Amino acid sequence: MAQRGRPRTFDRDAAVTSAMHLFWEHGFESTSLSQLKAAMGEGISAPSFYAAFESKEALYKEALERYMAIYGNLTRSLHDTSVPPREGVFLALQRSAKMQTESGHPKGCMVALGVVGAASTGSEAVTQLLREVRSRTRAGFRACVERGIKSGELRDTTDPASLAIAFDSFFQGLSVLARDRVRHAVIEKAVTEAMGMWDAATDRATPAR
């Protein structure tokens, strides 16, 4: 008698990558089990799916970890104290804008777009995961602003929280622009304009990058 269960063609690593792209494109709530199973290869059953990943939420967590492992380093400059603070902010925005408009994967940012896709009370665990990642990015912007104030580059009257949220708001909005197919060249110019918020808080003109 033939054994039932996971098909021979099942590749768990590839399955997580496929799930990452589906969740990235459609969000947590809108990605169905049937879509996930179809992306993992013909023949995988619901029992096999749950045996491999336990739940849709657990798979989302693993897919998000995969996303962060691949793309999370785009904002590493926010937390790197060896990088000048203004440059840290600029690089995070510039690199993210480039990635979010590239081909080969869904447009936008999986974390930012997941805000809408995981808003129900039934997915609070997913919402919390996304909130933690966004909070870390926001804290990175604030850390750069605080370093700028401490070094004297920014005026000591600068409100770290407000300026950090202004940059974070622009950062989160990149996903909408990318999904609307706004060209990278246009967004890149917008990043330069956004850095004017930093320059406005200085006592001297800072060359735009």
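Just so you know, all these numbers are worked out from the coordinates, no wet-lab data involved. The shown structure was predicted, so the numbers you read here are calculated from the model rather than taken from an experiment. With ideal geometry, Cβ positions are generated from the backbone for all residues, glycine too; neighbour counts draw on all protein chains shown.
Taking the number of Cβ atoms within 10 Å of each Cβ as an exposure proxy, the fewest-first ranking of K107, K98 is K98, K107.
Kirkwood analysis of the Cα pair distances in segment 33-73 returns a hydrodynamic radius of 11.0 Å. When S103, S30 are sorted by how many other C-beta atoms sit within 10 angstrom of their C-beta, beginning with the fewest, the order is S103, S30. Fully extending the segment from D203 to I165 would add 11.6 nm, taking 0.36 nm per residue of separation and subtracting the current Cα-Cα distance. If the segment from A46 to I70 were pulled out straight at 0.36 nm per residue, it would be longer than the present Cα-Cα gap by 5.8 nm. Of the residues V145, V111, the one with the fewest other Cβ atoms within 10 Å heads the list, and the complete ranking is V111, V145. Which FRET efficiency value, to the nearest 0.05, do you get for K150 and E193 by plugging their Cβ-Cβ distance into 1/(1 + (r/R0)^6) with R0 = 22 Å? So the FRET efficiency works out to roughly 0.30. If you take all other residues with their beta carbon under 13 Å from the beta carbon of A161, and give Lys and Arg +1 and Asp and Glu -1, the sum is -1. From helices alone, the chain scores -20500 deg cm²/dmol at 222 nm; the rule is -39500 (n - 2.57) for each run of n ≥ 4 DSSP H residues, then divide by the residue total.
Once the chain from A125 to Q35 is taken as fully extended at 0.36 nm per residue, the excess over their C-alpha distance is 30.3 nm.
With semi-axes defined as the square roots of five times the eigenvalues of the C-alpha gyration tensor, the equivalent ellipsoid of the chain measures 40, 16, 14 Å, largest first.
Pairs over the 30 Å Cα-Cα cut-off, from the set K56/K107; K37/K107; K107/K150: K107/K150.
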